[in-house]
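Notes follow the structure.
The values are calculated or read from the model by the stated rules, or taken from the named source; none is laboratory data. Bear in mind that the values here come from a model prediction, so they are computed numbers and not experimental data. Cβ coordinates were reconstructed from backbone atoms using ideal geometry, including for glycine residues, and neighbour counts include every protein chain displayed. Note: areas computed on protein heavy atoms with side chains; ligands, DNA, RNA excluded. Shrake-Rupley method; radii C 1.70, N 1.55, O 1.52, S 1.80 Å.
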Amino acid sequence: PGTFFAVSVGNLNFVMASDFQTGMELFAHFRDIIKEDSKVKESIKDVVDNLESCLIQLNYHLDCIHLPKEICISNITSKTRDVEVEIQTQFQKLSEAVPPSLFFKYHDKWKSVTQQIISKFCVLHYLEFGKMLSKLDTSNKLGIYTEANEGFHLVLEDYLIGILMMVTELSRYTVNRVTAKDLETPEKVANFVRELDAGFKMLNLKNDYLRKRYDSLKYDVKKIEEVVYDVALRKLNN
């Protein structure tokens, strides 16, 4: 009788006889799995490259909020609508390229650009409406589902990290608003960020990377509060 052995490739486990014919069939099957894996990775890379191009465009349009002048948010949002549509198109392609059962196997390949895009969406939403962009609305902007049981979805960690990245952007924005002689915005941003900080403190964060990102929040809060304090002193002196 042939000897049996176990092999694990990706998410698939095989126990096959080791006679010559069966072994050839087995490795032919492995070849097909590796070929399909490479195909999926290549498709993901193409989409991620396109998403990074979209991110560059978002950064370009958002950079103007840091200039020492009056800001017209409606002009910025109108310029980013086409980018948002393209982002939805790319996530649709991504959802088609990634087999549902292998979502988390490949998730690392697009999570970074996703987090950065989310942060830009959150900044735009805050500047336009003065409040947080919800996870549901974020999913809609990306053109994907909110929950895992629905299909290709927005991972909660990506959403939370996007929020934390937004706060870092807002801390820079606050400093530049003072330079533009806007002394009211810093207090509004400070109140918003304090509320976010209180919300994050309610979470039992154990994920190492998310925890480290959260630790940076207190430095951003401190930076914004220092700006508010400086503004208060200026008002007293005047």
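What FRET efficiency, computed as 1/(1 + (r/R0)^6) with R0 = 35 Å and r the Cβ-Cβ distance, is obtained for S112 and E187, rounded to the nearest 0.05?
0.60
Just N176, N75, N140 to compare: in a GNM of the chain, with alpha carbon springs under 10 Å, which one fluctuates most?
Of N176, N75, N140, the Gaussian network model singles out N75 as fluctuating most.
Fully extended, how many nm does the chain gain between I56 and F30 (0.36 nm per residue separation, minus their Cα-Cα distance)?
The I56-F30 span can extend by a further 5.5 nm.
What 222 nm value per residue comes from the helices of the chain, counting each DSSP H run with n ≥ 4 as -39,500 (n - 2.57) and dividing by all residues, nearest 500 deg cm²/dmol?
-25500 deg cm²/dmol
Given contacts defined as C-alpha pairs under 8 Å and at least six residues apart, what's the relative contact order of the stretch 109-188, whole-number percent?
Working: 67 pairs, mean separation 23.5, N = 80.
In percent, rounded to a whole number, it is 29.
Between L102 and A198, take the C-beta separation as r, use R0 = 41 Å, and let me know the FRET efficiency to the nearest 0.05.
Computed FRET efficiency for L102 and A198 comes out at 0.65.
What residue among T138, V175, S78 has its Cα farthest toward the positive end of the dipole of the chain, where the charges are +1 on Lys, Arg and -1 on Asp, Glu, each on the Cβ?
V175
Could you check the spin-label model distance between T89 and Y219? Points 7 Å from the Cα along Cα→Cβ, value in nm.
About 3.9 nm, to one decimal.
For D49 and R234, what is the calculated FRET efficiency with R₀ set at 30 Å and r taken between the beta-carbons, to the nearest 0.05?
For D49 and R234, the calculated efficiency is 0.05.
Return the single residue from D82, D32, D108 with maximal mean-square fluctuation; model: Gaussian network over the chain, springs between Cα atoms under 10 Å.
The residue with the greatest mean-square fluctuation here is D32.
No solvent, one uniform scatterer per C-alpha: report log10 I(q)/I(0) for the chain via the Debye equation at q = 0.11, 0.12, 0.13 1/Å, two decimals.
-0.67, -0.76, -0.85
Can you give the three extents of the C-alpha atoms in the stretch 32-169 along their principal axes, from longest to shortest, in whole Å?
Largest to smallest, the principal-axis extents are 58, 26, 23 Å.
Could you report the chain's accessible area per residue, 1.4 Å probe, as an integer in Å²?
Each residue of the chain exposes 58 Å² on average to a 1.4 Å probe.
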